[in-house]
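Single-structure report; data block below.
The values are calculated or read from the model by the stated rules, or taken from the named source; none is laboratory data. Owing to the predicted nature of the structure, the values given are computational and were not obtained by experimental measurement. Here the Cβ positions follow ideal geometry from the backbone for every residue, glycine too, while neighbour counts run over all protein chains shown. Accessible surface areas use protein heavy atoms only, side chains included; no ligands, DNA or RNA. Shrake-Rupley method; radii C 1.70, N 1.55, O 1.52, S 1.80 Å.
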Amino acid sequence: MISRISRTLLLIQFGIAILFYLLLRHFEWPIVPAALGGLLIVLLLRAQITANSFFLTWPYRGRTSNPVEISWLQVGTLFLREFRATMLCSSWAMPFLRFDQFSYPDTTSLPVLLIHGYGCNSGYWRWMSLALRQAHITHYALDMEPVFGSIDEYAPLVHAAVQRVLAETGQKKIVIVAHSMGGLAARAYLRDHGCDRVARVITLGSPHHGTAIANFGIGINCGEMNWLGRYEEGRSSEWLQKLAATEEADALSHIVSIYSHHDNIISPQSSAHLDGAWNIPVIGIGHVALALEPSIQKMVIDLIHNARE
């Protein structure tokens, strides 16, 4: 479904570019400048969407107990890398590059299950998958639907995917790598099915305590990811509070939470810090860009190699 939505949005953007091209031609612009102008308008609109996420979440970073300031040059670089990641994922990978699995009989690591976040599909993992392929790590990807359903509905999908990976690889345990909401789906799976089949869960930018920007989203899952109130004085959604209340310490000890102090979707950014888990904060990386950054990919691959039965 997300791939169809993404392709539809691409067509709408193409239509906007055509309209502006025709408008500029009406004012007697030459063909090439008019075409570039239409393309530039669409890029500016997309850049505004990315910029808006920073405007909405940036105030939260200074309200955390350990704010990490970066220079304006780093802020600019952060924005450009996040804009690039957003364009690549939403305009190329998610519409056209969904995948199911890549297997390597000569692998020396446990198999991996990739779980995407809100509003995404397996295409989001395109660049992480390339890194895993280069490292000869067998990995599978899961598409979670219904897109706007409850996160509780995703736990059975994760369970079925875990069972499939174990059956097809002959291994006793796997590693889960999850982005954003996918980390909450992984936690819901551990709550329902325990840790017997999972050696490690690696979450990237997951709103373990919720995110205020979810208030602007749609779907039951958005409501379950809410951060209610302002800044650090707020609280997690009722669903997240129930999840935390039903988790066992053993499940939390299986989790590695990698998150950015400058995440433009998770607000407050400290929401990604999960007590009882191994927390690894990074700086200067946006939300979508997390799985596309070579430094994060290397970190994830090292954690996969070190996860054993």
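Summary table
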item	result
Qualifying residue in region 9-30 (condition: on the phi < 0 side of the Ramachandran plot, under 22 Å from the mean Cα position of the chain (by Cα) and polar (S, T, N, Q))	no
Members of region 209-233 that are open to solvent by 20 Å² or more (accessible area, probe 1.4 Å) and either of a type in the set (G, A, S) or closer than 14 Å to I115 by Cβ (or both)	G217, G219, G223, G229
Residue count for region 254-281, restricted to those that are under 13 Å from T203 (Cα atoms), open to solvent by less than 40 Å² (accessible area, probe 1.4 Å) and not in a loop (DSSP other than H, G, I, E, B)	10
Any hit, region 188-207, residues being modelled with pLDDT of 95 or more, touching a Gly at 6+ places or on another chain (Cβ under 6 Å) and under 30 Å from P105 (Cα atoms)	yes
Subset of region 142-161 (residues that are under 13 Å from C222 (Cα atoms) and open to solvent by 20 Å² or more (accessible area, probe 1.4 Å))	P146, F148, D152
Selection status of A245, free of Cβ contacts under 8 Å to residues at least 24 places away in the same chain and either in contact with a Gly (Cβ under 6 Å, 6 or more places away or on another chain) or in a helix (DSSP H, G or I) (or both)	yes
Only one of S206, S180 that is closer than 14 Å to Y118 by Cβ, touching a Lys or Arg at 6+ places or on another chain (Cβ under 9 Å) and among the polar types (S, T, N, Q)	S206
Number of the condition not met by Y60 [criteria: (1) modelled with pLDDT under 90; (2) within 26 Å of R200 (Cα to Cα)]	(2)
Residue that is surrounded by the fewest Cβ atoms within 10 Å (Cβ to Cβ), among those in region 111-141 that are among the small types (G, A, S) and within 25 Å of K242 (Cβ to Cβ)	G119
Residue tally, condition under 12 Å from W127 (Cβ atoms) and either open to solvent by 50 Å² or more (accessible area, probe 1.4 Å) or of a type in the set (S, T, N, Q) (or both), over region 89-100	1
The one condition in (1) among the aliphatic types (A, V, I, L, M); (2) over 19 Å from E153 (Cβ atoms); (3) in contact with a strand residue (DSSP E or B) (Cβ under 6 Å, 6 or more places away or on another chain) that A186 fails to fulfil	(2)
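This table checks each residue for (1) in contact with a Gly (Cβ under 6 Å, 6 or more places away or on another chain); (2) modelled with pLDDT under 95; (3) closer than 30 Å to N306 by Cα.
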{"site": "P33", "(1), (2), (3)": "no, yes, no"}
{"site": "G38", "(1), (2), (3)": "no, yes, no"}
{"site": "S71", "(1), (2), (3)": "no, yes, no"}
{"site": "L80", "(1), (2), (3)": "no, no, no"}
{"site": "Q101", "(1), (2), (3)": "no, no, yes"}
{"site": "Y118", "(1), (2), (3)": "no, no, yes"}
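Here's the yes/no breakdown for (1) in a helix (DSSP H, G or I); (2) basic (K, R); (3) in contact (Cβ under 8 Å) with a residue 40 or more places away in the chain:
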site	(1), (2), (3)
I70	no, no, yes
P95	yes, no, yes
G119	no, no, yes
L130	yes, no, no
Q171	no, no, yes
